[in-house]
Amino acid sequence: LYLMLGSVAFVAALFNDRSKRLGDMLAGTYSMRERVGVLPRQLPQAPPQLLPWVRLADMGRLPEPLARRVSGFLAQAPKMIPASRQQLAVALANEVAGFVSPPPPPGTSPELYLMAVMAERRERDFARLRRQHAAAQERSRRLHELPFGQ
């Protein structure tokens, strides 16, 4: 194979109905390719008991690396060991607290706090994008109404 630069293996795979490698043919095995759909990630929802607080909270723009870490944590939290899950939630909540005022109601768990902040951040970003889109459509409509070339 080395002297022929792999051409024998390439030709064998090329003319085989299942594209078996030469090693697969010698061993009597083959590999299967099965496409599996990826389930969409669940978006965090604000817990109902925190809705009144989070809707009125003043939120600064979270730095993107922090927001990604929080999103990753919320996605992986159910698979984590409870002790490390709590420790990471507290650390992230302390970082996020610098961008959110006032603090959540007393007794709020750090994980619920993070869920509420991320859900509200997403809702506010969508609302801002909807406003920008509506303003762009209005500008476009007004531009098309102008008398060009008359």
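Test Ala116 against the stated conditions and say whether it is touching an Asp or Glu at 6+ places or on another chain (Cβ under 7 Å) and either within 17 Å of Leu43 (Cβ to Cβ) or open to solvent by less than 90 Å² (accessible area, probe 1.4 Å) (or both).
no
Got a sec? Which of Arg122, Arg128 is assigned to a helix (DSSP H, G or I) and within 15 Å of the chain's Cα centre (by Cα)?
Answer to the check: Arg122.
Is segment 75-90 home to any residue that is of a type in the set (A, V, I, L, M, F, W, C), under 16 Å from Glu123 (Cβ atoms), open to solvent by less than 40 Å² (accessible area, probe 1.4 Å) and touching a Lys or Arg at 6+ places or on another chain (Cβ under 7 Å)?
no
Looking only at helices (runs of 4 or more DSSP H) that fall completely inside segment 1-96, which ones have 1 or more residues that are polar (S, T, N, Q) and without any contact (Cβ under 8 Å) to a residue 40 or more places away in the chain?
7-14, 64-76, 82-96
Identify all residues within segment 63-74 that are open to solvent by less than 10 Å² (accessible area, probe 1.4 Å) and small (Gly, Ala, Ser); write none if there are none.
Ala67, the sole residue that qualifies.
The values are calculated or read from the model by the stated rules, or taken from the named source; none is laboratory data. Remember, predicted model here, so these are calculated numbers, not experimental data. Using ideal geometry, Cβ is built from the backbone for each residue, glycine included, and neighbour counts are taken over all protein chains shown. Side chains included, ligands, DNA and RNA excluded: accessible areas come from the protein's heavy atoms. Shrake-Rupley method; radii C 1.70, N 1.55, O 1.52, S 1.80 Å.
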